[in-house]
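**Q** What follows is a single structure, and I will ask about it in a moment.
The values are calculated or read from the model by the stated rules, or taken from the named source; none is laboratory data. These figures come from a predicted structure and were not determined experimentally. Here the Cβ positions follow ideal geometry from the backbone for every residue, glycine too, while neighbour counts run over all protein chains shown.
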Amino acid sequence: MHTVPVGSLETLLETLDYRRPAAAAHSRRVAVFARHLGVIIGLPSDEMATLVQAALVHEAGALVGRSATDLPGFQTWCGLSDDVDDVLWYATRRFDHHRHAPASARLLAVAHAFDELTSAREYHVPLSPESARMAIARDAGRRFCPMAVNVLVAARLEHCSAVDVRDAVAQPDGPAAVDADRLGGSRRLTIDYRFVTIS
C-alpha cells in the first residue's frame, strides 16, 4: 500500500483518480500534451514544472463541482506555488483580454482545448486531430495565443507516448515527440492568417 501525506499533490491526484477517473485521465493527457508543447518552445525547467503541475490539477474542481481557481486555499492546501495559481487563472481566460498571460498558461489553454476536442465524451463525437487543430486555429488571436496555436499546429500530439506524468513532474526537460520535418531548423513557425480574425 502506498501512503502519501494528507494535503499534498499526490493525495489530490489519487483522490481524483478514485472519484473522477475520466477527469484524472483528461488531466494526465493534458499534462503530457502541455509538456511536449513546452519542450518545443524551450520553456525553462522551473516554468515547465509549474506547467505540468497546473495541468495535473486543472480539473481538481470536479471533485466539488467548481473550478480549481474558485476554491479558496486550494493551492496552499496542495502545496502549490502562486505561479501554478497564476497559470490556472490565466489558462481559463481569453487571450485577447489578457495578452500578458504567462507562456505556460497559453500552452495549457491550447493543450486543454485539443484534448477536449479529440476525446470521446458522452455529449459529443471526438474530432480528428487535424479538425481539432483547425478549430483551435480559428480562435488564434482571440481565445488562444497565436504562438501557442503555432506550436500546436507544428507538434503531433496524437503521437505522444503515454509516459508516466509523475516522471514528467520529476524530469520536466525530458524528450518530446517532435516531428522534425514540420519543425525544420531554418523554418520559422508562421500563423496561417486565413484562420485568424481580429475583433
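**Q** Among the residues in the range 171-194, are any at pLDDT 90 or above, in a loop (DSSP other than H, G, I, E, B) and not charged (D, E, K, R)? Reasoning before the result, please.
**A** So in the range 171-194, the residues at pLDDT 90 or above come out as none.
Looking for residues that are at pLDDT 90 or above, in a loop (DSSP other than H, G, I, E, B) and not charged (D, E, K, R), one finds none in the range 171-194, hence no.
**Q** Here's a follow-up. Can you tell me which residue among Arg121, Arg143, Arg66 is among the charged types (D, E, K, R), surrounded by fewer than 18 Cβ atoms within 10 Å (Cβ to Cβ) and at pLDDT 90 or above?
**A** Arg143
**Q** Filter the range 147-169 for residues that are surrounded by fewer than 18 Cβ atoms within 10 Å (Cβ to Cβ) and at pLDDT 90 or above and give the result.
**A** Within the range 147-169, Met147 is the sole residue that qualifies.
**Q** May I pose another question? Conditions: (1) modelled with pLDDT of 90 or more; (2) under 15 Å from the mean Cα position of the chain (by Cα); (3) surrounded by fewer than 18 Cβ atoms within 10 Å (Cβ to Cβ). His36 meets all but one. Number of the miss?
**A** Unmet condition: (3).
**Q** Now for a separate question. Being surrounded by 16 or more Cβ atoms within 10 Å (Cβ to Cβ), in contact with a helix residue (DSSP H, G or I) (Cβ under 6 Å, 6 or more places away or on another chain), modelled with pLDDT of 75 or more and acidic (Asp, Glu) narrows it down to one residue among Asp17, Asp115, Asp86; which is it?
**A** Going through Asp17, Asp115, Asp86 in turn, the sole match is Asp115.
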